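Peer 1: Take this structure, written in structure tokens, and hold onto it; I'll ask about it next.
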Amino acid sequence: MELGNEGTGGARPWRPGDHILWRYRANGARHFHICRPVTVVRDTPDLLAVWLAPGTECVRPELADGTPPHLEPLATRYTKPRVLARCRWLGNGLLKLARPGDPWSIWLFWDRDWRFKNWYVNLEEPRSRWSGGVDSEDHFLDIVVYADRSWEWRDEDEFAQAEMAGLLDADQVARVRDAGREAVRLIREWGPPFAENWPSWRPDPRWRRPRLPSRWDRLTSSLTTSAQPDRLPDHPRAS
């Protein structure tokens, strides 16, 4: 079992084509409420890049009464009972890029014809790494970045409501705001990965879509030492 912080930490890095899980804990809790099986694109001490393929079966929280969360009034969006539901990832897939220690991951979106749409800075806890994937906690606040280098905050109302609902305390809110300002500095400087060629990256067509395992929510402390990621053929496409 490979536990620890991000980066390979001396453990065997994942290879292009490996299948791993990218999971998020429920805020203020230990259990996981989001799970996305992904394919490794690159895994180095400086960067983890993964591909979330269209149609991948994932897990996400939904309101117990069946109301889509985004349609629930903001005042009760985080207080009404929730259940976990399996779903399929829609759209043209998603590329996630994460550098060790960064309190965010950066996502790339495309249209179905592979016209690049935007980057998305997802503010989150720096990811912890285990033999089968990485775990984090989402921090609600996000930044959308466009190809012309313009940007805008996203979900500020949900971020404020999460604090009111007790999902984030004052210290966390301050840390997330600091992380957001740090991310904005990176955007304004047009540092990596924005200055790199990731928008022209494409997944290898021979890659198989990952499967959602039955025990997707198991805690890393309960894993056996023989746990290993799924393996796929080596057919990476460099950025």
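The values are calculated or read from the model by the stated rules, or taken from the named source; none is laboratory data. Predicted model only: the values in this text are computed from it and were never measured. Here Cβ is always computed from backbone atoms with ideal geometry, including for glycine, and neighbour counts include all displayed protein chains. The area values use the complete protein model at the heavy-atom level, side chains included, leaving out ligands, DNA and RNA. Shrake-Rupley method; radii C 1.70, N 1.55, O 1.52, S 1.80 Å.
Peer 1: Any residue at all in region 177-188 that's open to solvent by 20 Å² or more (accessible area, probe 1.4 Å), part of a loop (DSSP other than H, G, I, E, B) and closer than 21 Å to L48 by Cβ?
Peer 2: no
Peer 1: Separate question: So A195 ticks every box in (1) open to solvent by 10 Å² or more (accessible area, probe 1.4 Å); (2) in contact with an Asp or Glu (Cβ under 7 Å, 6 or more places away or on another chain); (3) not in a helix (DSSP H, G or I) but one. Which box is left unticked?
Peer 2: The one condition A195 does not meet is (2).
Peer 1: Continuing with this model, one more query. Within region 126-149, work out how many residues are crowded, with 21+ Cβ neighbours inside 10 Å and hydroxyl-bearing (S, T, Y).
Peer 2: Total meeting the criteria: 1.
Peer 1: Pairs under 6 Å by beta carbon, first residue in a loop (DSSP other than H, G, I, E, B) in region 200-211, partner surrounded by 12 or more Cβ atoms within 10 Å (Cβ to Cβ) and aromatic (F, W, Y), six or more apart or different chains?
Peer 2: Close Cβ pairs (under 6 Å, with a partner that is surrounded by 12 or more Cβ atoms within 10 Å (Cβ to Cβ) and aromatic (F, W, Y)) amount to P203/W51.
Peer 1: Taking R15, is it over 18 Å from the mean Cα position of the chain (by Cα), at pLDDT 95 or above and over 23 Å from D155 (Cα atoms)?
Peer 2: yes
Peer 1: Now for a separate question. Would region 162-171 turn up any residue that is open to solvent by less than 10 Å² (accessible area, probe 1.4 Å) and part of a helix (DSSP H, G or I)?
Peer 2: Looking for residues that are open to solvent by less than 10 Å² (accessible area, probe 1.4 Å) and part of a helix (DSSP H, G or I), one finds at least one in region 162-171, hence yes.
Peer 1: Here are some conditions: (1) in contact with an Asp or Glu (Cβ under 6 Å, 6 or more places away or on another chain); (2) modelled with pLDDT of 95 or more. E182 meets all but one. Which one does it not meet?
Peer 2: (1)
Peer 1: What are the residues in region 140-173 that are in contact with a strand residue (DSSP E or B) (Cβ under 6 Å, 6 or more places away or on another chain) and in contact (Cβ under 8 Å) with a residue 60 or more places away in the chain, if any?
Peer 2: E158, A162
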